[in-house]
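See structure below.
Values in this text are rule-based calculations from the coordinates and carry no lab data. Here the structure is a predicted model, which means the values were calculated and not measured. Note that each Cβ is placed from the backbone with ideal geometry, even for glycine, and that neighbours are counted across all protein chains shown.
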There are 2 protein chains.
Amino acid sequence: VGAGEQMPERHTIRAYDDELSKLGNMIISMGALAESQLEGALRALSTRDSDLAAHIVASDNQVDQIDADVDLLAVRILALRQPMADDLRMIVGALRISSTIERIADYSANIAKRVLVLNQMPSVGPAASVVQLGQRVQILLKSVLDAFINQNSEEAIKVWRQDEEVDRFHTVLTHKLTEHMSDNPRSITACMHLTFIAKNIERIGDLATNIAESIHYQVKGTRIQEPRAKGDSVPLDP
Amino acid sequence: VGAGEQMPERHTIRAYDDELSKLGNMIISMGALAESQLEGALRALSTRDSDLAAHIVASDNQVDQIDADVDLLAVRILALRQPMADDLRMIVGALRISSTIERIADYSANIAKRVLVLNQMPSVGPAASVVQLGQRVQILLKSVLDAFINQNSEEAIKVWRQDEEVDRFHTVLTHKLTEHMSDNPRSITACMHLTFIAKNIERIGDLATNIAESIHYQVKGTRIQEPRAKGDSVPLDP
């Protein structure tokens, strides 16, 4: 075996590095797109803007497309480059993060769909609190995507911890929505849509923690060890 | 390079095959466990059995543990065996299916948690329809796990199509729950829990279609191409 076969030639290493950084950049674009989908859905909710909501719904396929491209590229790199250790974790992590971001965009589009329906009804008070919940989750999402860009597992763990506050806020909000329905039975339909929107937002918070876990895995090679209640908590009063 | 290095020795191939079939068997056990978690949660709902519900909640970590083991083994195989083509798709698919099954078990445990809360309140009529929705999704889950065992992409596509019926049933059920709340404001809290349970069940149906997509990818190497509305449809009346 000649040295040229033991050690890949320089242009091959270069091509491989290019593929890895392309994969990272695709995830970063996907993340930015998902962030803007969530931001748009929440703005459409708070301003009752149906045109914007319709635009968010129509844009969902862009994220799906990048997710499919990430899958193809990741599997191609796995097949052709047979990466080891750090690179392998980077790629397996990228596969996970990409499908998680795709789901975040899905939930954002679902929020926008419900805004279209809500805008056909008189507005109800608790909508403002749902927007507030959304703004908290926007911050989590931004932070975890920054942690990905910086491959910073400490930042990731911070996000992972902060999701508990979101869950508590969501519990209080669901309680508020339930009370509002009892006091205003004619707003039950609108409040049910808001309940589903709030649940979608809470799920996006959970997905941000999943991204945090994947970043930790990419950087450290291990699962986050701290015990923490799972996001999907069940309040005694819903 | 001697022939012995080009072609791995027989015991190495054997060990590799053993690892691959171990991975498949772990997914099959996980699937069976998730099926039984869902079955138990639904039985606890229909019979108002709090002991059973508590047992389901306590058993959730078993599935989490297998999911973690699947991840470890899959990444180990990727690193040590550098699998190509079919085997690579099998492994990447296994990673996806394993995390999907873990989520199904999570949702089942969440249903059981809500049953514990519901059992503190007087029972409400629509609970029976929620159980019916659950039974439909149980069938989807069983079928898609059979499709995995048989690595049968046609069976998988069939499940993928059937989820539309589940979504329609869920839409009608949510409408029914909303009406029930309007007519019986004192049952609003119980109906909110049933709404979340129904949503969890509908999500399990979506996850069964995700497994179907992963099986199709494992067997054919492509995404399912048929256009189909996404599961998370938004009815005009929730």
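Using the beta-carbon distance between residue A:149 and residue A:225 and R0 = 25 Å, what value does 1/(1 + (r/R0)^6) give for FRET efficiency, to the nearest 0.05?
0.55
Which single residue of chain A puts its beta carbon nearest to the axis of rotation relating A to B, and what distance, in whole Å, does that give?
A:82, 2
Once you average over the residues of A:185-196, how many Cβ atoms of partner chains fall within 10 Å of each Cβ?
Mean shielding by partner chains, rounded to a whole number: 5.
7 Å along Cα→Cβ for the label point: how many nanometres lie between residue A:48 and each equivalent label in the other copies, listed shortest first?
From this label point to the equivalent ones elsewhere in the assembly: 4.3 nm.
Under the convention of a label 7 Å out along Cα→Cβ, give the distances in nm from residue B:120 to the same position in every other copy, shortest first.
Copy-to-copy label distances at residue B:120, shortest first: 3.7 nm.
Any idea how far apart residue A:182 and residue B:48 come out in nm if each label point goes 7 Å out from Cα toward Cβ?
Once both label points are built, they end up 2.0 nm from each other.
For region B:137-152, just list the computed ³J(HN,Hα) in residue order, Karplus coefficients 6.51, -1.76 and 1.60, θ = phi - 60°, integers in Hz, with x standing in for Gly and Pro.
6, 4, 5, 4, 5, 4, 5, 6, 6, 4, 4, 5, 4, 8, 6, 10
Evaluate peptide A:101-108: per residue, the Cβ atoms of other protein chains within 10 Å of its Cβ; return the mean as an integer.
1
Which lysines does residue A:22 reach when only Cα atoms under 21 Å apart count, and residues fewer than 8 places away in its own chain are ignored?
A:142
Going highest first, how would you order A:104-112, A:63-71, B:134-142 by mean Cβ packing within 10 Å?
Peptide ranking by packing, descending: A:104-112, B:134-142, A:63-71.
So for region B:81-179, averaging the separation of alpha carbon pairs under 8 Å that are six or more residues apart and normalising by length, what relative contact order in percent results?
It comes to 25 percent, rounded to a whole number.
Assigning unit charges at the beta carbon (Lys, Arg +1; Asp, Glu -1) and nothing else, what dipole magnitude in debye, to the nearest 20, does region A:69-109 show about its Cα centre?
120 debye
Please average, across the residues of B:76-86, the number of beta carbons from any other chain that are within 10 Å of each residue's own beta carbon, and give a whole number.
The shielding value for this peptide is 3.
Taking the Cα centre of chain A as origin, work out the dipole magnitude from +1 charges on Lys and Arg Cβ and -1 charges on Asp and Glu Cβ, in debye rounded to 20.
360 debye
Report the charge-dipole magnitude of the protein assembly as shown in Debye, nearest 20, computed about the Cα centre from +1 at each Lys and Arg Cβ and -1 at each Asp and Glu Cβ.
680 debye
Compute the relative contact order of region B:3-96 as a whole-number percentage, counting only Cα pairs closer than 8 Å that sit 6 or more residues apart in sequence.
Contact order relative to length: 33 percent.
Using a 7 Å offset from Cα along the direction of the beta-carbon, what are the separations from residue B:18 to the same position in each other copy, nm, ascending?
Ordered by distance, the counterparts are at 4.3 nm.
Which Cα, out of A:184, B:68, A:74, lies furthest along the positive dipole direction of the protein assembly as shown (beta carbon charges, K/R +1, D/E -1)?
Positive-most Cα among the choices belongs to A:184.
Charges on Cβ only, +1 for Lys and Arg, -1 for Asp and Glu, centred on the Cα centroid of chain A; of A:140, A:116, A:88, which one is farthest towards the dipole's positive end?
Positive-end residue among those listed: A:116.
Among A:113/A:199; B:113/B:199; A:113/B:199; A:199/B:199; B:158/B:220; A:176/A:199, which pairs are too far apart, with a Cα-Cα distance over 20 Å?
The answer is none of them.
Residue by residue through region B:167-172, what is 3J(HN,Hα) from phi via Karplus (6.51 cos²θ - 1.76 cosθ + 1.60, θ = phi - 60°)? Round to whole Hz and write x for glycine and proline.
4, 5, 4, 4, 4, 4
Any idea what the relative contact order of chain B is, in percent, if you count C-alpha pairs under 8 Å spaced at least 6 apart?
24 percent
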